[in-house]
Amino acid sequence: MNSSFRILIKSPKFMFGACMLLAMIGLILIYPLFNRNDPLEMIALAYQPPDSKLLLGSDNFGRDLFLELIYGIRTSLQVGLIAGVFATVIGLVIGLASGYIGGMIDNLLTAITNIFIVIPSFVILILISVSIDSRSSFVTAVIIGITSWPWTARAVRAQTSSLRNRDHVNIAKISGYSTPRIILSEILPYIASYVVMAFVLQTASGILSEASISMLGLGPYNTISLGIIMNWALVFEAPVAGAWWAFIPAAISIAIITFSLYMMNTGMDEIFNPKIRS
Amino acid sequence: MSVYGKYIVKKFFWYFLTLVIAVTLNFLLPRMIEGNPVSMIVSEMTQGMTDSDTIKRVYETFLVEFGIDKPLGEQFLIYLKNLVTGNLGTSFGLYPKPVTEILASAVPWTIGLQLPAILVGWLIGNVLGAVAAYRKGVFDKVIFPVALFVNSIPFFTLAIIMLYVFALSLNWFPLHGGYDYQMVPTLSFEFFASVLRHHTLPFLSIVLVTIGGQAIGMREMSIYELNSDYVLYSKLLGIRDSKIAKYVFRNAMLPQITGLALSIGTMVGGSLICEIVFSYPGIGTWMFTAIRQLDYPLISGCTLLIALAVLLANFTIDLIYGWIDPRIKAAQMEDQ
């Protein structure tokens, strides 16, 4: 584990992505310490252009957009991470169970996975979000997580079922190890790198899902996220008012976050999967 | 029965099962709203209405449509019966317009926008990805990071930026809608030109993002194939490079077709939100309106239609895939 971390640091793609993400996290942690205002407080006129006092101008309610953006990035990252954890854990458990146990359980779980890969997850996301009355950002994150696990499950299953018949697993079985112990010590270490990569990708897609669903107006209540900022900009016709600062910074923030996560993933992929190195 | 015929029947069975589950979710999830959904919805939508007669009429329409006084099983049967006869209920927002009518007017716009955009983006992306993997060097160093960046831009982000740059600042393209609003849809040249002008920006924003994602996938697959033994062997045999490139392209293409099947749901979702940005008169924009007005029948009509379209697209791709991939035929032969 230590040595693979040392290799990772040498990957320029991974480091580039990681540094960008860390810079972003640093910004959202430090800025609120200096500017202790409430992001929802109205302090200016509607759609004031950026100047030295309001770094990114104001939105339709006259709120400081830079402060809103900082809080928006924070919520979006949180939602992405929670969704990523849920999606990865569910996918991992289902994939391991179906790949290791095999037989009828495998058939059943694979069928369920395939069905939920085909049904578009954002359709289920919309249906659940419409039906739930009080959505906090945590609830939104959990909904995103439980609708996006099938990809991970499918890949984990494929790898587990090929590992299951390897010699070292058979030896562990003959030695009388319990099933959980075999999975923990003989299977998980081999798919760990994949699981970490899947988690990074799930986080990125969680951030994108949150932004999409918030753009539709089904985002979390009582909070600011990047998608919600863009929803406000669209609902209150910021593009027509020419107020680019109301939506372009939020849009680019999403792109930067997902780009840095994808970069980290590509860097890891090239290290853990030497076959695709060019 | 032929080998391919068996493959079709098997696939059809699975897609039918998936469809049943999609329909069930579409029925069940909105009914999990706590309390009496009809009175909740009607009280929300009739806010500001003073005519108590209208309110009562609205209430009764939805009471009959939802049939919430009946047990859940019977409700589901009514729902299925309505579905089969093409009745998706009445819209709240545009009462008393039926949902099917609204959807029917939106479908041509959405299909006209998304089908060409996804196909064009997919094709260009695959060619670019293959070229990047094959040429390597500067070409790869430029295409890959650009594709990676474009791919991480959400569909609607690019749409918003394009809307601002090309429609608002430069005034090259119209801001919103599917055609000039003064025009009456006719089969004239001017109407067609107007549709095309409105079509360009949403089309381009979908194509660009699709190119990014597909190019990355194709580059990875091509590099994987280029490193395989048969390429080295062919090179040692002295086979021309262009011929080897053809082998590699064909082999790398197969997973890309499966990839298209798997990602088509996400693509359609992204493109629907793209429509909202341009107020394009398709399903996405209607869904946006429906969500703002809490128009449940229209929302669930939209989600059902989207799920159905994605299933159909997947089924079609699977049929094509079974036809062109020799391994599937071989696997079916072994089964026999």
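One table, with the values for the structure above:
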quantity	calculated
Hits in the stretch A:182-199 (condition: touching a Phe, Trp or Tyr at 6+ places or on another chain (Cβ under 8 Å) and either within 13 Å of A:Thr88 (Cα to Cα) or of a type in the set (S, T, N, Q) (or both))	A:Ser185, A:Ser193, A:Tyr194, A:Met197, A:Ala198
Hits in the stretch A:215-233 (condition: farther than 21 Å from A:Val123 by Cα and surrounded by fewer than 24 Cβ atoms within 10 Å (Cβ to Cβ))	A:Asn222, A:Thr223, A:Trp232
Residue in the stretch A:207-214 that is surrounded by fewer than 21 Cβ atoms within 10 Å (Cβ to Cβ), at the interface with another protein chain (Cβ under 10 Å from one of its Cβ atoms) and more than 14 Å from A:Leu65 (Cα to Cα) present	no
Exclusive hit being modelled with pLDDT of 80 or more and within 27 Å of A:Met263 (Cα to Cα), set B:Val138, B:Val146	B:Val146
Test: A:Arg74 is in contact (Cβ under 8 Å) with a residue 40 or more places away in the chain, in contact with a Phe, Trp or Tyr (Cβ under 9 Å, 6 or more places away or on another chain) and either more than 14 Å from chain B (Cβ to nearest Cβ) or outside any helix (DSSP H, G or I) (or both)	no
Condition met for B:Phe156 (outside any helix (DSSP H, G or I), out of contact with any His (no Cβ under 9 Å at 6 or more places or on another chain) and either surrounded by fewer than 14 Cβ atoms within 10 Å (Cβ to Cβ) or not basic (Lys, Arg) (or both))	no
Test set (1) among the aromatic types (Phe, Trp, Tyr); (2) facing another protein chain (nearest Cβ under 9 Å); (3) within 27 Å of A:Glu41 (Cα to Cα) - A:Tyr221 fails condition number	(2)
Checklist (1) surrounded by fewer than 19 Cβ atoms within 10 Å (Cβ to Cβ); (2) in a helix (DSSP H, G or I) applied to A:Tyr177, failing item	(2)
Whichever residue in the stretch A:120-146 is in contact with a Pro (Cβ under 9 Å, 6 or more places away or on another chain) and more than 20 Å from B:Leu298 (Cβ to Cβ) and, among such residues, is nearest to the other protein chains (Cβ to nearest Cβ)	A:Ser121
Criterion (of a type in the set (Val, Ile, Thr) and either touching a His at 6+ places or on another chain (Cβ under 7 Å) or within 14 Å of chain A (Cβ to nearest Cβ) (or both)) met by exactly one of B:Val120, B:Val146, B:Val99	B:Val146
Cross-chain or 6+ apart pairs with Cβ under 9 Å, the stretch B:258-283 first and under 16 Å from B:Thr303 (Cα atoms), then in a helix (DSSP H, G or I) and of a type in the set (Asp, Glu)	B:Gly282/B:Glu275; B:Ile283/B:Glu275
First in the stretch A:247-271 and free of Cβ contacts under 8 Å to residues at least 40 places away in the same chain and at the interface with chain B (Cβ under 8 Å from one of its Cβ atoms), second anywhere and crowded, with 22+ Cβ neighbours inside 10 Å and hydrophobic (A, V, I, L, M, F, W, C), Cβ under 7 Å, 6 or more apart	A:Phe247/A:Met230; A:Phe247/A:Ala233; A:Phe247/A:Ala238; A:Phe247/B:Ile160; A:Ala251/A:Met230; A:Ala251/B:Ile160; A:Ala255/B:Ile153
Only one of B:Leu262, B:Leu236, B:Leu254, B:Leu226 that is modelled with pLDDT of 85 or more and out of contact with any strand residue (DSSP E or B) (no Cβ under 6 Å at 6 or more places or on another chain)	B:Leu236
Residue within the stretch B:275-289 that is aliphatic (A, V, I, L, M), closer than 26 Å to B:Thr90 by Cβ, in a helix (DSSP H, G or I) and at the interface with another protein chain (Cβ under 10 Å from one of its Cβ atoms) present	yes
Residue in the stretch B:210-246 that is farthest from B:Phe155 (Cα to Cα), counting only those that are hydroxyl-bearing (Ser, Thr, Tyr), without any contact (Cβ under 8 Å) to a residue 60 or more places away in the chain and surrounded by 15 or more Cβ atoms within 10 Å (Cβ to Cβ)	B:Ser234
Residue among A:Leu108, A:Leu67 that alone is free of Cβ contacts under 8 Å to residues at least 24 places away in the same chain and either within 14 Å of chain B (Cβ to nearest Cβ) or out of contact with any strand residue (DSSP E or B) (no Cβ under 6 Å at 6 or more places or on another chain) (or both)	A:Leu108
Residue that is surrounded by the fewest Cβ atoms within 10 Å (Cβ to Cβ) [pool: residues in the stretch A:7-53 that are of a type in the set (A, V, I, L, M) and touching a Gly at 6+ places or on another chain (Cβ under 8 Å)]	A:Leu45
Matching entry among A:Trp232, A:Trp245 (being over 18 Å from A:Val139 (Cα atoms), assigned to a helix (DSSP H, G or I), touching a Pro at 6+ places or on another chain (Cβ under 7 Å) and at pLDDT below 90)	A:Trp245
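Yes/no matrix, rows are residues, columns are (1) buried (at least 16 other Cβ atoms within 10 Å of the Cβ); (2) within 23 Å of the chain's Cα centre (by Cα):
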position: B:Leu103; (1), (2): yes, yes
position: B:Pro108; (1), (2): no, yes
position: B:Ile160; (1), (2): yes, yes
position: B:Tyr164; (1), (2): yes, no
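The values are calculated or read from the model by the stated rules, or taken from the named source; none is laboratory data. Here the structure is a predicted model, which is why all the values come from computation and not from measurement. We place every Cβ from the backbone using ideal geometry, glycine too, and count neighbours over all the protein chains shown.
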